[in-house]
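Beneath this line is the structure, given in structure tokens, with notes to follow.
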Amino acid sequence: MSLPKRKRVSKKNKSAWRKTDIKDVEDFLEDKLRDERIGTFSEKQNEDIFHIDVIATESKRKLVTEKEKRKLNATKPMKSWKALENYSKVKDPIVKRNTVKQKKAGRDIEKEVCNPIRSRHFKANQDRAKYYEKLKERLKKRASGIPDISKDIWTDTDFRDNIPGLKDEKGWISQDLSLYVAKNIGKPIIKVHDSIRHRTTKAKNFEPPHPGLSYNPSLEDHQKIILKVMEKEENIIKEEKHLERVTTRMFKKVTPEEKEILHMKEMRSGFEDDDNEDDGSKNLQSNDDSTYETSNPPVENKKKSKQVRSKELKQKELEKKTLEKKMKKKQTVDINRIKSLKKDILEEEASLNALKKKRKKAALKKKYETKRLGRLKFIEQDEDINMPEDLTGSMRNIKQESSLLIDRFKNFQKRNMLPVSVAVGKQKTPKVKRFPRSSHKDHGISFQMLREQRIVKKKVS
């Protein structure tokens, strides 16, 4: 392909130079400048020109956490500063420049942490390194799918142990501050109310049975359990007798006739008193018919004399003086009996402290008692014992008295895990009353008769 022929134009004047095409010269100079800035292909290595694309495996992907990603991005330069980077290969024409390094005001914290001289910075770096090692191990285990069996999930752990720098021996960092820090670094801790960790009962998960309940017990153990059950039954009988005595036996038995007479007497009691009062008022009216009295009689305006008023005033002053003397006398008596008063105060304080202790003890006992979760109250299960004649000495021939399922169920109720309930038997289903509809009722001929007629007609045909 032949190059385009250049036009021969006169360049005598300045305007003629403007018409000259200098694009090829500009392109050449631009290419040369680019080569100076970034270099030519012959100077660059293969790693700078080509990029090997490697697909990351799932395990490697899982190892990179959000925190590690942030750390990697922090090492890279900011995109907003990219325009300030000098990536040109052109040498600086001024070799010697006066570069002045400005000193930072105060301490260089970054330098201290990266190159620690002080012990606390060195320790903080060590703790941080240990934390990241543990984190990597945990992520590897999670990626492999093997659960960590060594950890006990029921033990109470402090979240500050897992985050370095939050827990200190002197206790300068409070619990609330550590919760706030954990929330802001992306590890929020859900604060559980303390009442969840409180024990509501002291009942054991499994209480070993009495040795007397064995299928082959010793004589002493068997006698002890029998005595224990007997005492319990006697107390129940005693309580029942007491209730009968204070309720049923308090009232005497009467015949139906006597009961009716008493009832009539009670109903008429108010009327008889009213009749007596009416008779008495009639008699009074008959006796005092001559005298006239009003409900609001006239009042006489009797004024007191000066002598009477002066006497009353003197009497009041005398009473006031006697009262003051009594008060003074009481004060002197109280001063003399300070020791006895002090003794009384100490006795009262002692009695109050004893009462306080008693109430505290009762409150503590009530705290760990079986709570009433439902309508019914928890009653301790009776001991399932075998009598001496039922004991055989072998498990094959032993008479079964208890049930393991019932025992566990009662234990859950005792430990406030289930509400107390009563075994409900089979419910009686109400009888449904059936009746024919008005449209199906017999109007002269029944449905059965029509059906029989149809069958007869079929047989005939």
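What the table below lists for this structure:
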quantity: The range 276-323, subset among the β-branched types (Val, Ile, Thr) and either open to solvent by less than 100 Å² (accessible area, probe 1.4 Å) or in contact with a Cys (Cβ under 9 Å, 6 or more places away or on another chain) (or both), residue modelled with the lowest pLDDT; calculated: THR291
quantity: Odd one out for LYS399, checked against (1) farther than 15 Å from TYR215 by Cα; (2) in contact with an Asp or Glu (Cβ under 8 Å, 6 or more places away or on another chain); (3) loosely packed, with under 12 Cβ neighbours inside 10 Å; calculated: (1)
quantity: Residue match in the range 218-225 (condition: open to solvent by less than 80 Å² (accessible area, probe 1.4 Å), part of a helix (DSSP H, G or I) and charged (D, E, K, R)); calculated: yes
quantity: Residue within the range 166-186 that is within 30 Å of LEU418 (Cα to Cα) and either open to solvent by 100 Å² or more (accessible area, probe 1.4 Å) or at pLDDT 85 or above (or both) present; calculated: no
quantity: Where a residue in the range 214-225 is closer than 17 Å to LYS399 by Cα and its partner, wherever it lies, is loosely packed, with under 11 Cβ neighbours inside 10 Å, with Cβ under 6 Å and at least six apart; calculated: TYR215/MET395; ASN216/GLY393
quantity: Members of the range 406-436 found to be without any contact (Cβ under 8 Å) to a residue 12 or more places away in the chain and either in contact with a strand residue (DSSP E or B) (Cβ under 8 Å, 6 or more places away or on another chain) or within 23 Å of LYS204 (Cα to Cα) (or both), listed by number; calculated: ARG408, PHE409, PHE412, MET417
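The values are calculated or read from the model by the stated rules, or taken from the named source; none is laboratory data. Predicted, not measured: the structure shown is a model, and the values here were computed from it. Cβ sites come from the backbone with ideal geometry, for glycine too, and all protein chains shown count toward neighbours. SASA here: full protein model, heavy atoms, side chains in, ligands and nucleic acids out. Shrake-Rupley method; radii C 1.70, N 1.55, O 1.52, S 1.80 Å.
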